[in-house]
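Below: the structure, in structure tokens.
The values are calculated or read from the model by the stated rules, or taken from the named source; none is laboratory data. Values in this document were obtained by computation on a predicted structure and should not be read as measured data. Neighbour counts are summed over all protein chains in view; Cβ atoms, including those assigned to glycine, are modelled from backbone coordinates with ideal geometry.
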Amino acid sequence: MKTALYFIFVLLSTIGFAQYTNPVASKMGTEFIQADTYLGEDAYSFQYFTKNNVLFKKSNNVFFQYKNLSLGKITRVDLQNPLRILVFYQDFNTVLALDSQLNEIQRINFSENQSGLTASSVGLASQNNYWVFDMPTQQLYLYNYVKNTTQLVGNPFPKNIKNYSCNFNLFYWTDEDNKYYTSDIFGKKELLGTIPGYDQIFMYDERMILYKKEEKLYFFDLIQNKSIPVKEVENSFKSFYYKNQNLAIFTPEGITNYKINLP
């Protein structure tokens, strides 16, 4: 009986891993976009990009833009909530919230409010909060943008953040040693694994990440500790975006969309 159960377990594991082996991207179409940086797509299929430090939002014939050159270069844009888009300007320690038409609805300068934070990472969290990583203390906070209060999340980070991502409940980051971590809103940190060296990375959950290395694209399975090349995509591209098994490759010619079927 034990032998039979072991055989079934090995068989299922083999099938599960085979599903991740050499995923092929199916090309869906190409769209020309004049942009410096492609930021991604929201839940309503609007595309976001920057050109000359101006934020653009478009879908078919609908087009919006936001410009604030007085705050310097746009550092980060968070698209999780299309009704509250975050634009972070690190040089001025400021984060802006924009509505669905890219009108400014709130501006927070951490240097001028009581938080005393010097932000190097900002993203949207749950319950009227922003994730904010304070660079001088190397600590993660939840900043409530309604009450103007801060809540410490866990202990100081032992090493600097190299890249980060977040959703409403989790903050993901890699450190200088390519260790991949996550923290929840209660401060529980977890080391998910060590990922290979990369040129660009897209972090989206606790099991898989997508990264670019030397003009090639790979999935990295943290459970299997395996890099899996993605076939049939552009060999030379500026950046990429991945969501719900849809891959967008940004090249000087525009956006090429692919479908990747993963379990």
Query raised in the report: Picking from TYR172, TYR143, TYR198, TYR181, which residue would you name as being among the aromatic types (Phe, Trp, Tyr), under 22 Å from ILE105 (Cα atoms), modelled with pLDDT of 95 or more and surrounded by 13 or more Cβ atoms within 10 Å (Cβ to Cβ)?
Result: TYR143
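Just to be sure before I move on: is LEU55 closer than 24 Å to VAL146 by Cα, within 19 Å of the chain's Cα centre (by Cα) and part of a strand (DSSP E or B) in the structure I sent? Talk me through it step by step, then tell me what you get.
On the way: closer than 24 Å to VAL146 by Cα: no; within 19 Å of the chain's Cα centre (by Cα): yes; part of a strand (DSSP E or B): yes.
So LEU55 fails the test.
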Query raised in the report: Is it true that ALA119 is under 14 Å from TYR164 (Cα atoms), touching a residue at least 60 places away in the same chain (Cβ under 8 Å) and surrounded by 21 or more Cβ atoms within 10 Å (Cβ to Cβ)?
Result: no
**Report entry** Residues located in segment 79-105, provided they are surrounded by 19 or more Cβ atoms within 10 Å (Cβ to Cβ) and part of a strand (DSSP E or B)
**Finding:** ILE85, LEU86, VAL87, PHE88, TYR89, THR94, VAL95, LEU96, ALA97, LEU98
Requested in this report: Kindly indicate which of ASN160, ASN225 is surrounded by fewer than 14 Cβ atoms within 10 Å (Cβ to Cβ) and at positive phi.
Outcome: ASN225
Report summary line: Within segment 106-116, of all residues that are of a type in the set (Gly, Ala, Ser) and exposed (fewer than 14 other Cβ atoms within 10 Å of the Cβ), the one modelled with the highest pLDDT is SER111
Report summary line: Subset of segment 109-144, residues among the aliphatic types (A, V, I, L, M) and over 16 Å from ASP175 (Cβ atoms), comes to LEU117, ALA119, VAL122, LEU124, ALA125, VAL132, LEU142
Query raised in the report: Residues PHE64, PHE56: which one is of a type outside the set (A, V, I, L, M), in contact with a Lys or Arg (Cβ under 9 Å, 6 or more places away or on another chain) and surrounded by 14 or more Cβ atoms within 10 Å (Cβ to Cβ)?
Result: PHE64
Query raised in the report: Quick check: anything in segment 146-153 closer than 16 Å to ALA125 by Cβ, crowded, with 16+ Cβ neighbours inside 10 Å and touching a residue at least 40 places away in the same chain (Cβ under 8 Å)?
Result: no
**Report entry** Meets criteria (part of a loop (DSSP other than H, G, I, E, B) and buried (at least 19 other Cβ atoms within 10 Å of the Cβ)) for PHE237
**Finding:** yes
Query raised in the report: Name the strands (runs of 3 or more DSSP E) wholly within segment 115-176 that hold at least 1 residues that are among the hydroxyl-bearing types (Ser, Thr, Tyr) and more than 23 Å from LEU96 (Cβ to Cβ)?
Result: 170-175
Query - Single residue of LEU192, LEU210, LEU247, LEU217 found to be out of contact with any strand residue (DSSP E or B) (no Cβ under 6 Å at 6 or more places or on another chain) and assigned to a strand (DSSP E or B) - result: LEU217
